[in-house]
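**Student:** One structure, pasted below without further comment.
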Amino acid sequence: MAEKLYVVIPCYNEEAVLHITAQKTQEKLNALIAAGRISPDSRVLFVDDGSADATWDGIASLHEQNRMFCGIRLSRNKGHQKALLAGLMTAKDRADIVISMDADLQDDLNAFDGFLDEREKGCEVVYGVRSSRKKDSWFKRATAQGYYKLLKKMGVEITYNHADFRLMSKKALEGLEQFREVNLFLRGLVPMIGYKSAVVEYERSERAAGESKYPLKKMISFAVEGITSLSVKPIKMITSLGLLVFGVSIILLIYFLVTYFMGKAVQGWSTIVISIWAIGGLQLFAIGVIGEYIGKIYLETKDRPNYLIAEILE
Ligand code: UDP
Ligand code: MG
């Protein structure tokens, strides 16, 4: 029996691209159904992440035209990761396998075939990985690659050049469900599930229509989230830094004592001022890093729901 596939697509203000994406995805699913690779009951599940434009109306009219399209609407904008989680968890109870992708057709639909090949070989998770970043701006390419390297150094297990384009089986999603995290960085969390996985390469294209919903500010906070939600190394580094600075002060103390007993008076006004600022800055930075983690603990202990579903069309 061919497995039932749900394609989960988070959408935030995507009215410009929604219909093209729907049409292309439908064509792809129909081809896969005709080839007997997926069940005829397969669906496309749009998650409206509290859009302010006509995205939800678009989803509703698609649903009217064709029951292959279904949708959930979150109570408000919760961000890409939570919208994706809402979609995955909704699809989990209805499908055998789920593919998540962006609404803008940057992810190649033809990679679905490769995903299904790996699935047939028994994989529970298949990662879509970009074969190149030619289409990205120089800035995005450089920062993204530096960032993946930094994550590795921080001990975060992550698949290089993989965003959130991936296939997950019901079993893998049930595993993911047990990671009850509020601070979500899915691409770092999924490898922790374990199970058999594989990688499928694809060429990432440009956004089909509309604008990026990840301005620099969101990108930076997402990047910080990735590190602080998965690694405690920064706190450990602060401890080492503190020891180092303390060591330096001991050396300085010895140096000053020696010069004092040698009778050379030190006129170190500037040295003192610089030290005060340097140490003050380091301390503030250290407190800030620790504060990041305490903030995270605070949020996790509240145990707030990650999302609330306002409406569902199926
Ligand atoms: N997205 C979302 N909620 C948000 C921001 C983005 O659901 O608050 C969705 C968006 O609709 C898209 C995906 O996340 O489907 C990736 O966003 P985008 O393509 O703008 O990011 P980029 O490719 O520029 O990094
Ligand atoms: Mg995009």
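The values are calculated or read from the model by the stated rules, or taken from the named source; none is laboratory data. This is a predicted model, so every value here is computed, not measured. Please note: Cβ atoms are built from the backbone with ideal geometry, for glycine as well, and neighbour counts cover all protein chains shown.
**Student:** Just to check your reading of the model, which residue among I238, I227 is within 19 Å of Q81 (Cα to Cα), of a type in the set (A, V, I, L, M), more than 16 Å from ligand 2 (Cβ to nearest atom) and surrounded by 15 or more Cβ atoms within 10 Å (Cβ to Cβ)?
**Tutor:** Result of the check over I238, I227: I227.
**Student:** Now for a different question. Regarding region 60-75, can at least one residue be identified that is surrounded by fewer than 22 Cβ atoms within 10 Å (Cβ to Cβ) and farther than 23 Å from I309 by Cβ?
**Tutor:** No, the conditions are met nowhere in region 60-75.
**Student:** Further, regarding this structure: Would you check which residues across region 183-222 are hydrophobic (A, V, I, L, M, F, W, C), more than 16 Å from ligand 2 (Cβ to nearest atom) and farther than 12 Å from Q81 by Cβ and list them?
**Tutor:** M192, I193, A198, V199, V200, I220
**Student:** Same structure again: Just to be sure before I move on: is F139 closer than 27 Å to E14 by Cα, within 16 Å of ligand 2 (Cβ to nearest atom) and surrounded by fewer than 12 Cβ atoms within 10 Å (Cβ to Cβ) in the structure I sent?
**Tutor:** yes
**Student:** A further question on this structure: Where residues in region 103-113 are charged (D, E, K, R) and touching a strand residue (DSSP E or B) at 6+ places or on another chain (Cβ under 7 Å), which of them is surrounded by the most Cβ atoms within 10 Å (Cβ to Cβ)?
**Tutor:** The selected residue is D107.
**Student:** Quick test of your reading of the structure: V156 fulfils all but one of (1) more than 14 Å from ligand 1 (Cβ to nearest atom); (2) part of a strand (DSSP E or B); (3) touching a helix residue (DSSP H, G or I) at 6+ places or on another chain (Cβ under 9 Å). Name the failing condition by number.
**Tutor:** Of (1) more than 14 Å from ligand 1 (Cβ to nearest atom); (2) part of a strand (DSSP E or B); (3) touching a helix residue (DSSP H, G or I) at 6+ places or on another chain (Cβ under 9 Å), only one is false for V156: (2).
**Student:** Which of the residues spanning region 124-166 are modelled with pLDDT of 95 or more and more than 15 Å from the chain's Cα centre (by Cα)?
**Tutor:** Residues satisfying the conditions are E124, V125, V126.
**Student:** Among the residues of region 45-57, is there at least one that is more than 20 Å from E211 (Cα to Cα), in a loop (DSSP other than H, G, I, E, B), in contact with a strand residue (DSSP E or B) (Cβ under 8 Å, 6 or more places away or on another chain) and among the small types (G, A, S)?
**Tutor:** No - not one qualifying residue is present in region 45-57.
**Student:** Another one. Going by the conditions given, is G122 away from ligand 1 (no atom under 14 Å from the Cβ) and among the small types (G, A, S)?
**Tutor:** Yes.
**Student:** Quick one: how many residues across region 172-218 are over 26 Å from T90 (Cα atoms) and under 16 Å from the mean Cα position of the chain (by Cα)?
**Tutor:** 3
**Student:** Here is a list: L84, L88, L167, L116. Which entry is crowded, with 21+ Cβ neighbours inside 10 Å, within 16 Å of ligand 2 (Cβ to nearest atom) and not in a loop (DSSP other than H, G, I, E, B)?
**Tutor:** Only one candidate passes the filter, namely L84.
**Student:** For region 225-240, name all the residues that are away from ligand 1 (no atom under 16 Å from the Cβ) and in contact (Cβ under 8 Å) with a residue 12 or more places away in the chain.
**Tutor:** Within region 225-240, I227, T228, S229, L230, S231, V232, K233, P234, I235, I238 meet the criteria.
**Student:** Now for a separate question. Please count how many residues of region 273-314 are of a type in the set (F, W, Y) and over 26 Å from the mean Cα position of the chain (by Cα).
**Tutor:** Total satisfying the criteria: 1.
**Student:** Confirm whether G210 is over 30 Å from G295 (Cβ atoms) and either within 14 Å of ligand 1 (Cβ to nearest atom) or in contact with a strand residue (DSSP E or B) (Cβ under 9 Å, 6 or more places away or on another chain) (or both).
**Tutor:** Taking the combined requirement at face value, the residue satisfies it.
**Student:** Among the residues of region 258-314, how many are aromatic (F, W, Y) and either more than 19 Å from T228 (Cα to Cα) or touching a strand residue (DSSP E or B) at 6+ places or on another chain (Cβ under 8 Å) (or both)?
**Tutor:** 5
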